[in-house]
1. Note down all Cβ pairs under 9 Å where the first residue falls in segment 118-132 and is in a strand (DSSP E or B), the second is polar (S, T, N, Q), and they're at least six residues apart or on different chains.
2. Just need a number here: residues in segment 8-53 that are loosely packed, with under 15 Cβ neighbours inside 10 Å and touching a residue at least 12 places away in the same chain (Cβ under 8 Å).
3. Working only within segment 55-103, note down all residues that are of a type in the set (Ser, Thr, Tyr) and surrounded by fewer than 14 Cβ atoms within 10 Å (Cβ to Cβ).
4. Answer yes or no as to whether Asp113 is under 24 Å from Gly64 (Cβ atoms) and exposed (fewer than 10 other Cβ atoms within 10 Å of the Cβ).
5. Quick one: what pairs do we get from segment 99-112, first residue assigned to a helix (DSSP H, G or I), second of a type in the set (A, V, I, L, M), C-beta under 7 Å, 6+ apart or different chains?
Amino acid sequence: MQSLNLTGPRRAVLDVVRTSTDHPTATDIMDRLAQQGNRVAYATVYNSLKYLTEKGMIRELNIGNGVMRYDGRMEEHGHLICTRCGAIAESAADIPDTVIETIEAETGYKVHDMNLLLTGLCPSCRKDVQSH
């Protein structure tokens, strides 16, 4: 097992990501650190996020809007993004092995990790759209 160098700022960033349920951006993390009284430079936050991601302690999520978000849940799970309001939800539903086997057979890839991202309308936006 490789050793981890969890400096104070890295630990603070890790704690924010792991206690957040909304998949914060780097800016969100900066704001939360400041609210806690931690003064950390943007470069330190970005470098900490890169380090923590590379060490497999957090996940970096690219949800397609040009802004990276971070997730402290490391077990396999999917993300659902509302195309109207941008809300993010999580699902722990299992992906059947047959789906992965089909993808591997079709592409020749050997899947090691999966990041399921689904888009659609959240319940609130669905309700709003149906009421108009």
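Coordinate-derived values only; no laboratory data. This structure is a prediction, so every number in the text was calculated from the model and none was measured. Positions of Cβ are backbone-derived with ideal geometry, glycine not excepted, and every protein chain shown enters the neighbour counts.
1. That search, which allows pairs on different chains as well, returns Leu118/Ser91; Thr119/Thr83; Gly120/Thr83.
2. Total satisfying the criteria: 4.
3. Initial filter on segment 55-103 (of a type in the set (Ser, Thr, Tyr)): 70, 83, 91, 98, 102.
Once the filter is applied, which keeps residues that are of a type in the set (Ser, Thr, Tyr) and surrounded by fewer than 14 Cβ atoms within 10 Å (Cβ to Cβ), segment 55-103 yields Thr83, Ser91, Thr98, Thr102.
4. Details: under 24 Å from Gly64 (Cβ atoms): yes; exposed (fewer than 10 other Cβ atoms within 10 Å of the Cβ): yes.
Taking the combined requirement at face value, the residue satisfies it.
5. Taking only residues 6 or more apart or on different chains, the pairs are Ile100/Val111; Ile103/Val111; Glu104/Val111.
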